[in-house]
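Q: The following block contains the structure, expressed as structure tokens.
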Amino acid sequence: MHVPDGFINAPVSVAAGAVAASAIAVSLRGARRELDERTAPLAGLVAAFIFAVQMLNFPVAAGTSGHLLGGALAAILVGPFTGVLCVSVVLLMQGILFADGGLTALGVNITNMAVVTTVVAYAVFRGLVKLLPRKRRSITVSAFVAAVISVPAAAVAFTLIYAIGGTTDVPIGQVFTAMVGVHVLIGIGEAAITALTVGAVIAVRPDLVYGARGLTTPLKLRVGGELVDTPAAEPVTRPAAGPVPVAARSHRTVWLVGLVTSLVLAGFVSFYASANPDGLEKVASDKGIDAKVEDHSAADSPLADYGVEGITDGRMSGGLAGVIGVGVTIVAGTGVFWTVRRRRTPETEAATASSSSSSQLGESA
């Protein structure tokens, strides 16, 4: 759903840019409460993973494809404020380096794909989690439903923006029907990817999933007729380097697995993605929204259109571009999140250790 330059007029594009900038400013403040030294690298990884999966267009219907937007996935994994920043970093990298999504339309794209999807998805997710039983399956089901709804919500947001500032004279009812119709189908694909990813992380480290915090409870022991919390788990020791907490080791494993997965998806699997236009491109072509589309100002980028300039082999060019994109996104994202992270104090260290121990003991129970 990357909006190119020329779809929306200049005044509305500027207004959308102001909305996006305000949302990012609020998210930077909110992310400070969601991030710390442990979760900041994971947030960078989530941004890189979203970049990689967005390269995997999947067919939906009638010569149309779709791809992950990522707002729901990011909000559930790392929190809604950090989620807005994750998707915004991805959109910025795509617009500057890969000429994907117009630069004058960056505010429109951040508003639609980062802000609307994240806010709608997390609101739906939290509402469902409160209603459903406190189980892992409830988190996965809630993630699926939230992701399904977030995509057509972004389509509705685009339609409203187009109604105010569209550069072509197309009946808004036709745009609304076409956009929502195709993006409901795309939303199903988004939901499947989101639920599978969230479920996979919950299976190994539920304490790393922001939306699953509080899912597990500490294991209790009966001592002298009273229930008391079990003591914290002892760290695993390495003779040469001293104690290494089990949670830290698991955290590194999750990060490495996620990085390798992102590189494989962007560098190899992306070659087999659908070549059909995505939902917005198809609607724009069918309805004439693209009559005044403009060339991207970064069209001469050496990575434009997800290929490396000078490499004639399509598979190698696209794969290398994907790997570069994952690397740049994870570096940029981690840099942002590391800068805004919450500084740890002895009190927050103790709280984190207690939460990690409780999650592990609850799972072993």
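Q: Can you give me the accessible area per residue for the range 53-127, using a 1.4 Å probe, in Å²?
A: Working: 1670 Å² over 75 residues.
Ligands and nucleic acids excluded, the result is 22 Å² per residue.
Q: Please give the FRET efficiency for ASP36 paired with ALA275, using the beta carbon to beta carbon distance and R0 = 45 Å, rounded to the nearest 0.05. Could you put the intermediate results ahead of the total?
A: Values: r = 42 Å, r/R0 = 0.93.
With R0 = 45 Å, the Cβ-Cβ based efficiency is 0.60.
Q: Within the range 44-101, list the chymotrypsin sites (Phe, Trp or Tyr not before Pro) lying in a DSSP loop whose Cβ has at most 13 other Cβ atoms in a 10 Å radius. Numbers along the way, then the final one.
A: Numbers: sites: PHE49, PHE51, PHE81, PHE98; in loops: PHE98.
Answer by residue number: there is no such site.
Q: VAL60's amide H: which non-local residues (gap 5+, or another chain) put their own amide H closer than 5 Å, with H modeled 1.01 Å from N in plane and none for Pro or chain starts?
A: SER65, GLY66
Q: Does anything in the range 188-214 have its amide N under 19 Å from the 7 Å Cα→Cβ label point of VAL257, and if so which residues?
A: Answer for the range 188-214: 193-213.
Q: So, with a 1.4 angstrom probe, what is the percent of accessible area on the range 282-333 that is carbon and sulfur? Display every interim value, and only then the final one.
A: Working: 1510 of 2820 Å².
Taking all protein chains in place, the range 282-333 shows 54 percent carbon and sulfur surface.
Q: Spin-label point model (7 Å from Cα, Cβ direction): what's the ILE164 to VAL26 distance in nm?
A: Taking the two extended label points, one gets 1.4 nm.
Q: Just subtract the alpha-carbon distance of LYS292 and ARG342 from 0.36 nm times their residue separation and send over the number in nm, one decimal.
A: Details: separation 50, 0.36 × 50 = 18.00 nm, distance 4.51 nm.
Difference between extended and current length: 13.5 nm.
Q: So between ILE311 and ALA299, what do we pick up on full extension, going 0.36 nm a residue minus the alpha carbon distance? The partial results should precede the final answer.
A: Numbers: separation 12, 0.36 × 12 = 4.32 nm, distance 1.66 nm.
Between ILE311 and ALA299, full extension yields 2.7 nm more.
The values are calculated or read from the model by the stated rules, or taken from the named source; none is laboratory data. From a predicted model like this one, the values you see are computed outputs, not experimental measurements. Cβ sites come from the backbone with ideal geometry, for glycine too, and all protein chains shown count toward neighbours. With ligands, DNA and RNA removed, areas are computed over all heavy atoms of the protein, side chains included. Shrake-Rupley method; radii C 1.70, N 1.55, O 1.52, S 1.80 Å.
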